[in-house]
Amino acid sequence: MLDRKLNGEMVRLARNRRRMTQTDLAAASGVPQTAISRTENDASGELGLEQLKSIARCLQFPVAFFYEQDTVYRQPISLHPAAFRKRASVSARDESAVIALGNHYVLQLRRLLDAVDLNPEFETPKFEIVKTRSGAAEFARAISTARDAAIAVRAGWQLGDGPIADLTSYVEASGIMVIKADFGAADVDGFTLRPVGMDPVIFLNQNRPADRMRFSLAHEFGHAVLHAFPDEAMEKEANEFASELLMPRNGILPDLRRGLSIPALGKLKLKWRVSIASLIYRASSVDLIEGESARRLWIDFGPYRTREPVEFDIAPEQPRLAADLIRAHTQDLGFTIVDIANAVTTFPNEFAQMHGLVPTGPRVPEKPKLRLVPNFKRQA
């Protein structure tokens, strides 16, 4: 450990993970705020070991964590003035906390992937919205609209125009890890990190309703396949992509034409596994309702804006890829949860909590690197 350089970025990550300011940490640890600031900004005057141990105790991280040399990603793909699905109420502290949470997961996943190769069922597509087909980057397929990208994805998944029963399984079968995590008090639906040398990782707020998580996943998947770099139109494009992916125009139109009362939309929610609100927006986007008829429908929906009728709730989807990755280490490579937690410099109880596990047992000998095929069952 001590033959490696202290990484101030890891100190910042751990501090943000615990939702503490430098002033908070200084008061709790007894280490001067100026010393913490210099360390986080990689300036001169590195912390002494006793100071670092005091910080580690306050932040509840192993001292070894601060010597990790992984890159810390300070911005998700969608971080710009309309970031986090346009949720302007998100504070800087909340943003920092959820991004730190994402980085903590990425550090762990990268270590786990060192011993296991993923074999995705589908290739992760890359698109670029351009005016002319010659204008796209070499790595991307040229398209005219985000809807075109969603149509291409559905065609690649061989889905036709019907509902997607389990969107998470298709996204993970494309090699993209999906993590449902506790965002705490942060009013954030989801975000995506694109670590160097890895496929994007999508993070979803586990405290959201299942229909909202599905739309968030489709939205974030849109960012992953459409946006190599931020731009002003990206949130609108990701919403357009998500709508067409979950509610393809050719499939949803016949259903929407049968009636747009709240009970009728509730039944469509159960079929398409999207919120009633999303169905109303979709009806507007395909020009089935406008003006006064749209206004009346939104008035009828008013009592359900914060909680849609419970009789139309759908079951949440469960990501499997991260759990399969951990299982490959425990069942096939012979590691315990404690071993894995130590390898990713996270205390076992926190690692177990992050992944819904129980820390157990001693280490047994290592085995060769494995290949992991995402547990994917094609939709009939």
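Bear in mind that the values in this text are calculations on the coordinates, not laboratory data. Owing to the predicted nature of the structure, the values given are computational and were not obtained by experimental measurement. Positions of Cβ are backbone-derived with ideal geometry, glycine not excepted, and every protein chain shown enters the neighbour counts.
Of note:
- Couplings 3J(HN,Hα) of region 236-243, computed from phi: 4, 5, 5, 5, 5, 4, 4, 4 Hz, in residue order, whole Hz [Karplus 6.51 cos²θ - 1.76 cosθ + 1.60, θ = phi - 60°; x for Gly and Pro].
- Residue-wise HN-Hα coupling along region 169-177, computed from phi with Karplus coefficients 6.51, -1.76, 1.60 (Hz; x: Gly, Pro): 5, 6, 5, 5, 5, 8, x, 9, 6
- Local net charge near Ala323, Cβ-Cβ under 14 Å (Lys/Arg +1, Asp/Glu -1): -1
- Part-to-part distance (alpha-carbon centres) for region 204-265 and region 275-343, which is given in Å: 10
- For Lys180, residues with placed amide H under 5 Å, excluding near neighbours: Leu204
- In the structure shown, the pairs Lys5/Lys180; Lys126/Lys236; Lys180/Lys271; Lys131/Lys180; Lys5/Lys53 are assessed against 25 Å; a Cα-Cα span above that value is assigned to Lys5/Lys180; Lys131/Lys180.
- Residue ranges 255-261, 290-296 sort as 255-261, 290-296 when ordered by packing (mean number of other C-beta atoms within 10 Å per residue, highest first).
- Every helix of 4 or more DSSP H residues in the chain counts as -39500 (n - 2.57), and over all residues that averages to -13500 deg cm²/dmol at 222 nm.
- Using the Stokes-Einstein relation with a Kirkwood hydrodynamic radius computed over Cα pairs, the translational diffusion coefficient of the chain at 25 °C and a viscosity of 0.890 mPa s comes to 109 µm²/s.
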